[in-house]
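The values are calculated or read from the model by the stated rules, or taken from the named source; none is laboratory data. Everything numeric in this text was worked out from a predicted model, so none of it was measured. No Cβ is skipped: glycine too gets one built from the backbone with ideal geometry, and neighbour counts run over all protein chains shown. The accessibility values were calculated without ligands, DNA or RNA, using every heavy atom of the protein model including side chains. Shrake-Rupley method; radii C 1.70, N 1.55, O 1.52, S 1.80 Å.
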Amino acid sequence: MTTRQAPLSPFWQYKPQLTSVLSITHRGTGVLLSGGAVLLCGWLLSIAAGAETYNMVNQHITAWYGQGVLTCFVFSLYYHLCNGVRHLFWDLGMGLEIKTTYRSGYAVIIASILLTAATVYVRCVQ
Amino acid sequence: MSRQTLLAKIRGADSTGRGDSGKRGTRHWWYQRLSAVALIPLSLWFIYDLTTLATLDYAGAHSWIAAPSTSILLVLFIPTLFYHALAGIREVIEDYIQSERQKALAIVSMKCLAIFCTVASIAAVIKIYLGL
């Protein structure tokens, strides 16, 4: 069987624009969060395994790099959630005008940054 | 395979009721959106609860999961999360992997991983909830 060369995805071909960058970021954060889901599974298993295993895992979570990774996950989740809502509106046929997609795009960026900052703040003052 | 069954299969209406592409695609599309909507409150709850938990040492994490409300929500959250993740990863694989063989292999591997993680996570939550 011969396979034809598949066409390149749009983000490889065109000059980056807000809309295309947000689109590929949606995928990127989705893939990252899928990895996070697997780590969540590992975290749950470590608690089920007992204190010794959990402490071994937790020592990495509480370290600076662990907290850094967690912050990336938190931002990815907020971004993917906000942009996902944007997608759901599009599925309903709403907000498809160019001007509106740019406005909602900026709103997604601002909302996910603010939510991440709020979460980090709440965690720090805790 | 006769032409009749092949056509029926493509239309998603073969005798086994397990059609390809046609109806299955629509169903996947719907489930993907349903899981997305369900994950909005579930993931916000998850992140809020973990953020506001004062300590995440062993005792703190254990008692958080052992609480009935957490156990129930996690048992709802985990399958929805892995279903949604798999749907997304599948879409990425379908878009970027060109060889049909590798595509099928990648999708099956990801499916196995998602099923394993779902079962293992739920088993862990049940074990913690029952205090075993």
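Placing +1 on each Lys and Arg Cβ and -1 on each Asp and Glu Cβ, with no other charges, gives chain A a dipole about its Cα centre of roughly 400 debye.
Kindly report the accessible area of the protein assembly as shown per residue (heavy atoms of protein chains, probe 1.4 Å, no ligands, DNA or RNA), in Å². Value for the protein assembly as shown: 62 Å² per residue. Peptide A:43-51 shows a mean partner chain C-beta count of 6 within 10 Å per residue C-beta.
Buried accessible surface for the A/B chain pair comes to about 3200 Å², total over both chains, computed with a 1.4 Å probe. Entry note, region B:37-130: relative contact order of 40 percent, from Cα contacts under 8 Å with a spacing of 6+ residues.
Over all residues in A:86-95, what is the mean tally of Cβ atoms on other chains that come within 10 Å of each residue's Cβ? If you can, show how the numbers build up before the last one.
Details: counts 0, 2, 4, 0, 0, 3, 0, 0, 0, 0.
Shielding by partners across A:86-95 averages 1.
For region B:61-74, the Karplus equation 6.51 cos²θ - 1.76 cosθ + 1.60, evaluated at θ = phi - 60°, returns couplings of 5, 4, 5, 5, 5, 5, 4, x, 4, 5, 4, 4, 5, 5 Hz by residue, with Gly and Pro reported as x.
Of all aspartates and glutamates in the structure, the ones whose alpha carbon falls short of 16 Å from that of residue B:111, not counting any fewer than 8 places away in one chain, are B:91, B:94.
In the protein assembly as shown, the DSSP-assigned H stretches of four residues or longer account for a calculated mean residue ellipticity at 222 nm of -28500 deg cm²/dmol, using -39500 (n - 2.57) per stretch and the full residue count as denominator.
Counting only C-alpha contacts under 8 Å and six or more residues apart, can you give the relative contact order of chain A as a whole percent?
Numbers: 59 pairs, mean separation 35.8, N = 126.
Dividing the mean separation by the residue count of chain A yields 28 percent.
Take A:123, B:101 and sort them by solvent-accessible surface of the protein heavy atoms, 1.4 Å probe, largest at the top.
Values: A:123 75, B:101 205 Å².
My answer, sorted largest first, is B:101, A:123.
Couplings 3J(HN,Hα) for region B:32-45, derived from phi with the Karplus relation 6.51 cos²θ - 1.76 cosθ + 1.60 (θ = phi - 60°), are 4, 5, 4, 5, 4, 5, 5, 6, 4, x, 5, 6, 5, 4 Hz, where x marks Gly and Pro. With all protein chains in place and ligands, DNA and RNA left out, the 1.4 Å accessible area ranks A:70, A:77 as A:70, A:77, largest first.
Mind ranking A:17-27, B:113-123 by how tightly packed they are, going by the mean number of other C-beta atoms within 10 angstrom, highest first?
The packing order, highest mean first, is B:113-123, A:17-27.
For the protein assembly as shown, which whole-number percentage of the solvent-accessible area (1.4 Å probe, protein heavy atoms only) is attributable to carbon and sulfur atoms? The value for the protein assembly as shown is 68 percent carbon and sulfur by accessible area. Computed from backbone phi, the HN-Hα couplings of region B:116-132 come to 4, 4, 5, 5, 4, 5, 5, 4, 4, 4, 5, 4, 5, 4, 7, x, 6 Hz, rounded to whole numbers (Karplus: 6.51 cos²θ - 1.76 cosθ + 1.60, θ = phi - 60°; Gly and Pro given as x).
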